[in-house]
Amino acid sequence: MSAIAAQRAVRGRFLDIQHTVCQAAEIAQAVRYIEDGLLITTAGKITWFGPWQEGQHLIHPELAVTHYPEQLIVPGFIDTHIHFPQTEIVGAYGEQLLEWLNTYTFPAELKFKDQAYADKIAEFFVQELLKNGTTTALVFCTVHATSVDALFEAAQQHNMRLIAGKVMMDRHAPDALCDTPESAYSDSKALIEKWHGKGRNLYAITPRFAPTSTAEQLSKAGQLKAEYPEVYVHTHLSENKNEIAWVKELFPAHDNYLDVYHHYGLTGQRSIFAHCVHLEEAEWDCLHATNSAIAFCPTSNLFLGSGLFPLKKTWQKQVKVGLGTDIGAGTSFSQLQTLNEAYKVQQLQGDKLSAFESLYHATLGGAKALDLDDKLGNFNLGKEADFIVLDLKATALQALRQQQVSGIEQALFALMTMGDDRNIHSTYIYGEPVYVKA
Ligand code: GUN
Ligand code: ZN
């Protein structure tokens, strides 16, 4: 394909955040809103972005312009914590975390021993991400190495940037879902060699959480991270009070829950800890000191009754944070619905979550949490061209509501409160349209 053939031009209303910030109050100044803009991509990367008036001379006869006069174009959403094998168990009734795992989750994950089944759900899962405007995700697979193959193969079909890993789990789960310290190490190592940096795929070492790994297994996970420092670490932390009490029993010598992971070398710049609802002060300090990140999963925290995540504290403590849907404890693949619940979680704590801060967490902030803000998260030149076209009036009620708003911030807030997959008009990955709403 020639360089010209690989070029695309998109015209419309664009909104993004120009740079990362240290405080929520700085976000408004970093917002870039272009009412009539032009984006040119070349071989998957952004090569020109700005007002249509300034860029229209770059359009030549072989470069067709796709024009979205009515919609809003934003960077693709980033989901920093999700489980692909739990796609089928969203909305399972009645339990909190530990009982929910035994009653619903482990039986669902057992099915992934069957490669054909894993392939089928992986394909469905990737389609569902695209349909919801999620262009990058950090994903839990199951203990089976083949579940990772299934997911990366499905993602690769669409050229998606995905981070994923095989679950490590050697106790407190059904035998058929348990590996050993040695097999977890060797299987994960083989998967790193096979997938990390292949195309846009990246690997995450994925111990499920401290209660389902022995000290020997966590030590092996740390050994692997030391051997491959560029890969990610992805696990759960401090989600539920019974879980925290259990970790104290299982690891009595450690100061706190995070200290278990820290001791084994599992904190750091590419370590992402899902939930962190009930952290102690020392744990916040350790997350900051190690430049680790949190995945905030509001629909899950509400659904499992886990608690209210103090988002404001991430700014106070200077800890990176992204948004996670946490399917299937979370109840929606949509980052818009996730933001809807994130807002309410802050309201219940007397805090505000603005529309622009919400956009930040769903895009550039999420990219920063995943250490990918040099590649993703906004329309800066050289970034990978993952973006979505939003329809702000996908329902009659939304159309009625949008007539009442004044300005982009109010329009965005109404979208985030009322929106879901119906608002995703198109999803572009690496410059190419991979989903268009029927
Ligand atoms: N903690 C350990 N495993 C899980 C899981 O699958 N989902 C959630 N929400 N928390 C966990
Ligand atoms: Zn989870």
Test result for Glu26, touching a strand residue (DSSP E or B) at 6+ places or on another chain (Cβ under 9 Å), open to solvent by 10 Å² or more (accessible area, probe 1.4 Å) and of a type outside the set (Val, Ile, Thr)
no
Scan the range 66-91 for residues that are within 14 Å of ligand 2 (Cβ to nearest atom) and outside any strand (DSSP E or B) and jot them down.
Phe84, Pro85, Gln86, Thr87, Ile89, Val90
Any helices (runs of 4 or more DSSP H) falling wholly within the range 324-430 and containing at least 2 residues that are farther than 26 Å from Gly44 by Cβ:
335-347, 355-362, 396-402, 408-418
Check whether at least one residue in the range 313-322 is of a type outside the set (Val, Ile, Thr), outside any helix (DSSP H, G or I), at pLDDT 95 or above and under 26 Å from Ala92 (Cβ atoms), and report yes or no.
yes
Residues satisfying the stated conditions in the range 312-334, i.e. more than 16 Å from ligand 2 (Cβ to nearest atom), in contact with a helix residue (DSSP H, G or I) (Cβ under 6 Å, 6 or more places away or on another chain) and open to solvent by less than 20 Å² (accessible area, probe 1.4 Å)
Val319, Ser334
Among residues of the range 185-203 being outside any loop (DSSP other than H, G, I, E, B) and touching a Lys or Arg at 6+ places or on another chain (Cβ under 8 Å), the residue surrounded by the most Cβ atoms within 10 Å (Cβ to Cβ) is Ser188
Please go through the range 291-311 and pick out each residue that is β-branched (Val, Ile, Thr) and open to solvent by 30 Å² or more (accessible area, probe 1.4 Å).
none
Members of the range 211-222 found to be more than 14 Å from ligand 2 (Cβ to nearest atom) and either in contact with a Cys (Cβ under 7 Å, 6 or more places away or on another chain) or not β-branched (Val, Ile, Thr) (or both), listed by number:
Ser213, Ala215, Glu216, Gln217, Leu218, Ser219, Lys220, Ala221, Gly222
Scan the range 241-256 and tell me whether some residue there is closer than 23 Å to Ser183 by Cβ, under 21 Å from the mean Cα position of the chain (by Cα) and open to solvent by less than 50 Å² (accessible area, probe 1.4 Å).
no
Could you grab me the full set of residues in the range 51-69 that are out of contact with any Pro (no Cβ under 9 Å at 6 or more places or on another chain) and under 18 Å from Tyr428 (Cα atoms)?
Leu63, Ala64, Val65, His67, Tyr68, Pro69
So which residues in the range 376-417 are free of Cβ contacts under 8 Å to residues at least 24 places away in the same chain and among the hydrophobic types (A, V, I, L, M, F, W, C), if there are any at all?
Ala396, Leu397, Ala399, Leu400, Val405, Ala414
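Of Asp420, Asp373, Asp386, Asp391, which residue is within 15 Å of the chain's Cα centre (by Cα), more than 16 Å from ligand 2 (Cβ to nearest atom), surrounded by fewer than 22 Cβ atoms within 10 Å (Cβ to Cβ) and under 20 Å from Ile73 (Cβ atoms)? It would help to see each step written out before you state the result.
Details: Asp420 fails: within 15 Å of the chain's Cα centre (by Cα); Asp386 fails: surrounded by fewer than 22 Cβ atoms within 10 Å (Cβ to Cβ); Asp391 fails: within 15 Å of the chain's Cα centre (by Cα).
It is Asp373.
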Residues within the range 223-240 that are open to solvent by 10 Å² or more (accessible area, probe 1.4 Å) and either away from ligand 2 (no atom under 16 Å from the Cβ) or in a helix (DSSP H, G or I) (or both), tallied
7
Residue by residue through the range 29-42, note down the ones that are outside any strand (DSSP E or B) and either touching a Gly at 6+ places or on another chain (Cβ under 6 Å) or loosely packed, with under 15 Cβ neighbours inside 10 Å (or both).
Gln29
Here are some conditions: (1) within 13 Å of ligand 1 (Cβ to nearest atom); (2) aromatic (Phe, Trp, Tyr); (3) within 26 Å of Ala411 (Cβ to Cβ). Phe333 meets all but one. Which one does it not meet?
(1)
For the range 250-286, which residues satisfy the criterion of being assigned to a helix (DSSP H, G or I), free of Cβ contacts under 8 Å to residues at least 40 places away in the same chain and within 16 Å of ligand 1 (Cβ to nearest atom)?
Leu258
Residues in the range 257-282 that are in contact with an Asp or Glu (Cβ under 8 Å, 6 or more places away or on another chain) and open to solvent by less than 20 Å² (accessible area, probe 1.4 Å) total 6
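The values are calculated or read from the model by the stated rules, or taken from the named source; none is laboratory data. The shown structure was predicted, so the numbers you read here are calculated from the model rather than taken from an experiment. Note: ideal-geometry Cβ built from the backbone for every residue, glycine included; neighbour counts use all protein chains shown. To get the accessible areas, we keep the full protein, side chains included, count just its heavy atoms, and leave off ligands, DNA and RNA. Shrake-Rupley method; radii C 1.70, N 1.55, O 1.52, S 1.80 Å.
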